[in-house]
Amino acid sequence: MKQLLKTLTETFGPSGYEDAVRKVILKEIKPFADEVRVDALGSLIARKKPSKGGKDVKKIMLAAHMDEIGVIASHIDKNGFVRFTNVGGTFGRYTLGARVRFMNGTPGVVGYDRLEQMDSMPPLSKMYIDVGATSKADSPVKVGDVAAFERPFVEMGDRLVAKSMDDRTGVVVLIETLRAITLRQAQGGSTPHDLYFVFTTQEEVGTRGAGTAAFGIDPDIGIAVDVTPTGDTPASLKMTMELGKGPCVKFRDAGMLSDPRIIDWMIQTAEKAKIPHQREVLLLGSTDAKEMQITRAGVMAGALSIPVRYVHSSSEMVDINDLKNSVKLLTAMLSKPVSM
Ligand code: CO
Ligand code: ZN
């Protein structure tokens with residue numbers, strides 16, 4: 001799981017440019033899925049059919065987004081400095097001094113016009129990317145080129161740090177859940193649901209891929225697997241989520257209220273299987289679940305969240321045990337019929 005997470009987090013994939021990430025996922029899931037397709041917006045949809053038919057079969061869509069935040073070049077000046085804007089929630093405080101890499105392989109460092117107050121929060125509009133060029137003519141970057149943070153994956157015991165843990169951790173959890181369900185099936189276990197494992201695009205720019213994928217699939221139930229910021233660092237927001245205390249059952253974020261039936265299903269399954277879990281009320285942000293919930297005539301939706309520190313920085317931190325417990329909880333939920 002760690003190796004796959006390392007590969008995925010070190011892969012380039014800002015919103016709209018998820019191709020390299022999709023390629024890695026496709027290789028992993030192909031042996032386990034009954035059907036695989038890619039929709040018009042690039043979301044990768046892997047289906048696991050139910051063992052038996054019947055009216056109790058629920059169509060369940062699980063979503064984790066492939067894309068990450070990034071930047072896009074908006075202007076190159078005569079000295080070759082690249083001005084840029086955000087792709088998704090790229091914040092000034094995390095961007096200054098960062099290293100980025102463009103899709104064509106060009107590395108760059110982010111500089112700032114002039115630091116007057118060392119502790120002020122600089123806006124992206126006063127930053128530029130230095131790609132080592134000396135003029136506009138020799139710049140390897142053109143207006144419209146996108147870049148992502150570049151940072152190697154590091155291990156600190158059970159704590160893992162990388163860029164794009166949001167949401168490659170969710171991607172890994174879905175891949176491992178699909179693998180676990182296939183294994184159970186091979187050992188004689190049944191699959192009561194019609195499962196759609198969806199690796200969505202463009203979440204960071206407004207949950208766009210999840211919307212079109214959910215419309216196409218028309219599920220009965222939608223569950224997003226994404227990260228959630230924690231309240232366990234000095235002077236953080238007053239929130240209960242902590243690293244290493246298990247997956248978080250989402251009650252609320254800024255974009256949605258989870259369906260109480262999904263919340264009960266998650267909590268009861270976790271308690272029965274003795275899987276550590278936490279209750280999540282997130283004061284900001286949202287996930288693909290908000291998009292699934294209001295698609296077509298409406299979908300019963302909820303989210304399972306992986307706690308993460310320093311979200312949307314190039315050093316997002318997670319605890320490996322939270323990923324393992326997320327796989328356990330999802331596998332337990334999806335292995336039994338549900339009546340809702
Ligand atoms: Co995000
Ligand atoms: Zn996310």
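The values are calculated or read from the model by the stated rules, or taken from the named source; none is laboratory data. Because the structure is a prediction, the values reported are computed rather than measured. For neighbour counting, all protein chains shown are included, and Cβ atoms are generated from backbone atoms with ideal geometry for every residue, glycine included. Accessible surface is based on the protein model in full, side chains and every heavy atom, while ligands, DNA and RNA are left aside. Shrake-Rupley method; radii C 1.70, N 1.55, O 1.52, S 1.80 Å.
Numbers for the structure displayed
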{"item": "Output for segment 221-233, where each listed residue is closer than 18 Å to residue 174 by Cβ and either acidic (Asp, Glu) or within 16 Å of ligand 1 (Cβ to nearest atom) (or both)", "result": "224, 225, 226, 227, 228"}
{"item": "Members of segment 67-85 that are within 15 Å of ligand 2 (Cβ to nearest atom) and part of a strand (DSSP E or B)", "result": "68, 70"}
{"item": "Any hit, segment 50-69, residues being in contact with a Lys or Arg (Cβ under 6 Å, 6 or more places away or on another chain) and over 16 Å from residue 204 (Cα atoms)", "result": "no"}
{"item": "Criterion (within 16 Å of ligand 2 (Cβ to nearest atom), modelled with pLDDT of 95 or more and either closer than 30 Å to residue 326 by Cα or not assigned by TED's automatic domain parsing to the domain that holds residue 286 (or both)) met by exactly one of 64, 46", "result": "64"}
{"item": "Matching entry among 329, 282, 323 (being within 19 Å of the chain's Cα centre (by Cα) and farther than 18 Å from residue 177 by Cβ)", "result": "282"}
{"item": "Residue list for segment 37-58, filter: open to solvent by 60 Å² or more (accessible area, probe 1.4 Å) and part of a strand (DSSP E or B)", "result": "37, 38"}
{"item": "Residues of segment 204-261 classified as among the hydroxyl-bearing types (Ser, Thr, Tyr) and within 15 Å of the chain's Cα centre (by Cα), total", "result": "2"}
{"item": "Near pairs, Cβ below 7 angstrom, 6+ apart or cross-chain, from segment 327-338 (farther than 19 Å from residue 227 by Cα) to any residue that is among the small types (Gly, Ala, Ser)", "result": "332/273; 335/189"}
{"item": "Any hit, segment 303-311, residues being in a loop (DSSP other than H, G, I, E, B), within 16 Å of ligand 1 (Cβ to nearest atom) and within 17 Å of the chain's Cα centre (by Cα)", "result": "yes"}
{"item": "Failed criterion for residue 64 (all others in (1) touching a residue at least 12 places away in the same chain (Cβ under 8 Å); (2) open to solvent by 60 Å² or more (accessible area, probe 1.4 Å) hold)", "result": "(2)"}
{"item": "Residue satisfying condition, being within 12 Å of ligand 2 (Cβ to nearest atom), within 22 Å of residue 175 (Cβ to Cβ), hydroxyl-bearing (Ser, Thr, Tyr) and modelled with pLDDT of 95 or more, within set 207, 212", "result": "207"}
{"item": "Residue satisfying condition, being more than 14 Å from ligand 2 (Cβ to nearest atom), outside any strand (DSSP E or B) and not basic (Lys, Arg), within set 317, 340", "result": "340"}
{"item": "Condition met for residue 145 (over 30 Å from residue 177 (Cβ atoms), within 26 Å of the chain's Cα centre (by Cα) and of a type in the set (Asp, Glu))", "result": "yes"}
{"item": "Residue within segment 215-222 that is assigned to a helix (DSSP H, G or I), surrounded by fewer than 24 Cβ atoms within 10 Å (Cβ to Cβ) and charged (D, E, K, R) present", "result": "no"}
{"item": "Some residue of segment 5-28 being open to solvent by less than 60 Å² (accessible area, probe 1.4 Å), part of a strand (DSSP E or B) and assigned by TED's automatic domain parsing to the domain that holds residue 285", "result": "yes"}
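This table checks each residue for (1) without any contact (Cβ under 8 Å) to a residue 60 or more places away in the chain; (2) in contact with a helix residue (DSSP H, G or I) (Cβ under 6 Å, 6 or more places away or on another chain); (3) in a helix (DSSP H, G or I).
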residue	(1), (2), (3)
261	no, no, yes
271	yes, no, yes
275	yes, yes, no
284	yes, no, no
289	no, no, yes
301	no, yes, no
